[in-house]
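Heads up: the structure comes next, in C-alpha cells.
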Amino acid sequence: MGEIKKVRIIFLLCILIISACEERVVTENTNDSFGIYLTRDEVLPTHLEALSHIAPADKPLISLNEIVSYTWSDHTILLTEKGRQILDTLSLGVYGRSFLVCVNGSPKYHGAFWTLISSVTFVGTTIIITRWTSGIIRIGRGYPIDFDTSLPDPRMNSDVETVLRLAGKLR
C-alpha cells in the first residue's frame, strides 16, 4: 500500500508541474500569446487566399489585455473599453481590412474586418465593425452571410482555444 501512495503522489506532482508550465507559457508574455493583428503589408482581403505566407504587423491590434471574454460556441468577443476604442479608430473601406489571428506571433487563420455599409461580398472569416458597437464583436464566416458551410471552420483552431482557456478568457 505504501508503494501505491508514493506512485499516486509522484503522479499528482507531475500533473501539477505540467500544469504550472502550461500556465507560465501564457502568463509570461500575455500580450503576445493571443492577438488579432493587421497584416504587415496591408494585404487586401481578396488576396489572402492566394498568398502562401502573410506576415503580421509588429504588434497586435487586439491582445488578451483588450479581451474580457471569448465565447467559443459562437466566437463572440467581449472587449474592454480600450479594445472598443481601438476598433472605433480602425479605418475600413468597402473592401475591408485584412487581419490575422495569431498565437505566440504565429498566424493560425486570417480574415477581414468588414463594414455593414459595404456592398462587396466576402467569402472568408470576418469581423463586422460598426461605430455603435457595445464592445461585443463576433468572428463570423463571410459577408453578408457564410456562402460555403462545407469548408472547414478556421475559427475552431485548438491552439487558439488553448491559449484563451489558459488566459481565463474562454467561456
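With charges only on Cβ, +1 for K and R and -1 for D and E, what is the dipole size of the stretch 29-171 about its Cα centre, in debye, rounded to 20?
320 debye
Any idea what diffusion coefficient the stretch 41-93 gets from Stokes-Einstein, in µm²/s, Kirkwood Rh on alpha carbon pairs, 10 °C, 1.306 mPa s?
120 µm²/s
Would you work out the relative contact order for the stretch 39-171, in percent, from Cα pairs under 8 angstrom that are 6 or more residues apart?
Values: 222 pairs, mean separation 32.7, N = 133.
Contact order relative to length: 25 percent.
Here, each number is a calculation from the coordinates, and none is a lab measurement. As the structure is a computational prediction, the values presented were derived from the model and not from experiment. Cβ sites come from the backbone with ideal geometry, for glycine too, and all protein chains shown count toward neighbours.
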